[in-house]
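K.L.:
Following this message is one structure expressed as structure tokens.
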Amino acid sequence: IRTGRDGLKITLKASYCFLLIQFFEYLMAPFSIADSVYGSIFFLLTGFHGFHVLVGTIYLRVCLHRHGLNHFTPTHHVGLETAIWYWHFVDVVWIFLYVFVYIWGGYRTPIILLISKFLLLIIRAILL
């Protein structure tokens, strides 16, 4: 990553992928929001998180547009900084949701297992 613009583009691509994966996960879920307590909690927690990812994606997209118009300077960049803080908060919340819903809850879909393996490969590549 050479510039802030590159970082925003990569983050936006990751958020688009996340939202697409969540959409397909909802389509493939073997339960509904009305089936059980777990279904209700699953869709409530992941749905609220997905909504916040969508809001963050829009926020980052606006920041990317403003970055292209040179609205941010080294002394005037509050909008970009708040978007970054918001996005990191959403990331940290996802770590807890992932542990709570997918690991502790025992819900494993083929797509989640594939993503988990991919993330482990990335982490290993970074650490080695």
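K.L.:
Computed over the Cα atoms, what is the radius of gyration of the stretch 1-83 divided by 2.2 N^0.38 Å, N being its residue count?
P.N.:
Ratio of Cα Rg to 2.2 N^0.38 Å: 1.42.
K.L.:
Same structure again: Could you state the accessible area per residue of the stretch 1-91 in Å², with a 1.4 Å probe and every protein chain left in place?
P.N.:
Ligands and nucleic acids excluded, the result is 66 Å² per residue.
K.L.:
Can you give the extra length, in nm with one decimal, that the chain gains between W85 and A34 once fully stretched, where that is 0.36 nm per residue apart less the Cα-Cα distance?
P.N.:
Contour length minus Cα-Cα distance gives 14.9 nm.
K.L.:
What's the extension gain from I41 to F96 if we count 0.36 nm per residue and subtract their Cα-Cα distance?
P.N.:
Stretched out fully, the I41 to F96 stretch lengthens by 18.4 nm.
K.L.:
Roughly speaking, to the nearest percent, how much of the stretch 1-109's 1.4 Å accessible area is carbon and sulfur?
P.N.:
Reported share for carbon and sulfur atoms: 74 percent.
The values are calculated or read from the model by the stated rules, or taken from the named source; none is laboratory data. Values in this document were obtained by computation on a predicted structure and should not be read as measured data. Surface accessibility is based on the protein's heavy atoms, side chains included, excluding ligands, DNA and RNA. Shrake-Rupley method; radii C 1.70, N 1.55, O 1.52, S 1.80 Å.
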